[in-house]
1. Got the relative contact order for the chain handy, in percent, Cα pairs under 8 Å and 6 or more residues apart?
2. May I ask you to evaluate 6.51 cos²θ - 1.76 cosθ + 1.60, the Karplus curve with θ = phi - 60°, for each residue of the stretch 50-66 and list the ³J(HN,Hα) values in order in whole Hz, giving x for glycine and proline?
3. Please list, in chain and number order, the residues 5+ apart from SER78 or on another chain whose amide H is under 5 Å from its amide H, with Hs placed from the backbone.
4. Would you mind working out the accessible area per residue for the chain, using a 1.4 Å probe, and quoting it in Å²?
5. Find the relative contact order for the stretch 26-72 and round it to a whole percent, using C-alpha pairs within less than 8 Å whose residues are 6+ positions apart.
6. Relative contact order for the stretch 1-52: what percent, with Cα pairs under 8 Å and sequence separation of 6 or more?
7. Taking the Cα atoms of the stretch 17-84, what is the range of coordinates along each of the three principal axes, in descending order and whole Å?
8. Please report the carbon-and-sulfur percent of the accessible area for the stretch 1-111; probe 1.4 Å, protein heavy atoms only, DNA, RNA and ligands left out.
Amino acid sequence: MTAEILIRSARTDDVPRMAELMEPLVARRILLGKDLVDLYAAVPEFLVATDAEDRVIGYGAVHVMWERLGEVRTLGVSQDWLGRGVGHRLLEALEVRARDLGLAQLFCLTFETDFFGRHGFEEVSENAELVAADVYAELLRSNDEGVAEFLDLARVKPNTLGNTRMLKRL
């Protein structure tokens, strides 16, 4: 029998546990590190997976980038819960949230291409035009590193070596 997994909106008191679960993934360079101040600021974007005792066992966020475009960010699962469907459940819930926000496309930058590929994400070629020229010009004005990664700007390449840009149409 599979243990109960619940998905809910993150709360501020979840942040320390989320940061604790992120540490080994950051150390292995699977996730980019985030300062606590940034995690607290992003709490409204996050969902968490919890066990039956409401302990956080996974996390993930949807960040709105443009009118119909969002990014799946900082998706991770506790080592103890890998292979038990937690990531799948979180990604499904993040896609529901994205649709509720009016998004039509979801971007991710990941090493986990097989996982995202099984969920309908496709690799983006290096020279692909992902948005119209006028939207591209507006996105260039963003200070958000995730937007820079989406646009494949040279200034973020040293931090994203080996990652794959992927996109899914909802």
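The values are calculated or read from the model by the stated rules, or taken from the named source; none is laboratory data. All values reported here derive from a predicted model rather than from experimental measurement. Surface accessibility is based on the protein's heavy atoms, side chains included, excluding ligands, DNA and RNA. Shrake-Rupley method; radii C 1.70, N 1.55, O 1.52, S 1.80 Å.
1. On the way: 244 pairs, mean separation 34.1, N = 170.
This gives 20 percent for the chain.
2. 10, 7, 4, 9, 6, 7, 5, 10, x, 7, x, 9, 10, 10, 6, 9, 7
3. HN-HN under 5 Å from SER78: GLY58.
4. Working: 9400 Å² over 170 residues.
Dividing the accessible area of the chain by its residue count gives 55 Å².
5. On the way: 37 pairs, mean separation 10.1, N = 47.
Reported relative contact order: 22 percent.
6. Working: 44 pairs, mean separation 34.0, N = 52.
Worked out over the stretch 1-52, it gives 65 percent.
7. 37, 27, 24
8. Working: 2950 of 5680 Å².
Whole-percent figure for carbon plus sulfur exposure: 52.
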